[in-house]
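I have placed the structure first, in the form of structure tokens, so that the comments after it can refer back to it.
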Amino acid sequence: PALQVLAYPVAAADLDTPSYRAFGTGLPLTGRDMEWFFDHYVPAKDRESADVAPLRADDLEGMPPALVITAEHDVLCSEGEAYAGLLAAAGTKVDLRRYPGVAHGFLRLHNHLDVAREAILDVSTAVTAAVGGSAGYDPPRWRTT
């Protein structure tokens, strides 16, 4: 792949991260929701597998460049940003973007929120460049906005 675009990625089955503690109740995606999803997706005994939890991977070297999108008020924010850090540490070029003031699922509100429109534009710019629509998308080694 020329580029991986990861929007609020699930990178582990750990329900006790800083963002789970801060935003685990009352928002569009709760800690209980994620627990339900994991219970229906994978048996508890397999949740630490790197196939389920890429944060547990021994080696992420050779991964394609990444645009990682997180939402400030999302239970998945901590793990998405931790995964971006591991990708960068493995030599992957990573563009990490945390969008302020929004919760999980904000991208679908692009007709209502300026920040969501900005994020959609960021994705479309990155994808267009990655598939040859411009000089080529070359994310920085590590950037946060």
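Data for the structure
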| item | result |
| --- | --- |
| Top-ranked residue in the stretch 46-66 [being open to solvent by 60 Å² or more (accessible area, probe 1.4 Å) and among the acidic types (Asp, Glu); ranked as nearest to Ala13 (Cα to Cα)] | Glu48 |
| Within the stretch 1-39, considering residues that are open to solvent by less than 70 Å² (accessible area, probe 1.4 Å) and aromatic (Phe, Trp, Tyr), the one nearest to Arg117 (Cα to Cα) | Tyr8 |
| Identity of the residue in the stretch 79-92, surrounded by fewer than 21 Cβ atoms within 10 Å (Cβ to Cβ) and touching a helix residue (DSSP H, G or I) at 6+ places or on another chain (Cβ under 8 Å), that ends up nearest to Glu35 (Cα to Cα) | Ala82 |
| Any hit, the stretch 67-78, residues being modelled with pLDDT under 95 and buried (at least 16 other Cβ atoms within 10 Å of the Cβ) | no |
| Some residue of the stretch 105-123 being under 11 Å from the mean Cα position of the chain (by Cα), crowded, with 20+ Cβ neighbours inside 10 Å and modelled with pLDDT of 90 or more | no |
| Tyr83 being within 12 Å of the chain's Cα centre (by Cα) and of a type in the set (Phe, Trp, Tyr) | yes |
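Results for (1) in contact (Cβ under 8 Å) with a residue 40 or more places away in the chain; (2) out of contact with any Pro (no Cβ under 7 Å at 6 or more places or on another chain); (3) under 27 Å from Pro100 (Cβ atoms), shown as yes or no for each residue.
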{"site": "Asp16", "(1), (2), (3)": "no, yes, yes"}
{"site": "Thr30", "(1), (2), (3)": "yes, yes, yes"}
{"site": "Asp39", "(1), (2), (3)": "no, yes, no"}
{"site": "Ser49", "(1), (2), (3)": "no, yes, no"}
{"site": "Asp58", "(1), (2), (3)": "no, yes, no"}
{"site": "Glu72", "(1), (2), (3)": "no, no, yes"}
{"site": "Glu79", "(1), (2), (3)": "yes, yes, yes"}
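The values are calculated or read from the model by the stated rules, or taken from the named source; none is laboratory data. Because the structure is a prediction, the values reported are computed rather than measured. Note that we place each Cβ from the backbone using ideal geometry, even for glycine, and neighbour counts take in every protein chain shown. Keep in mind that these areas ignore ligands, DNA and RNA; they rest on the heavy atoms of the full protein, side chains included. Shrake-Rupley method; radii C 1.70, N 1.55, O 1.52, S 1.80 Å.
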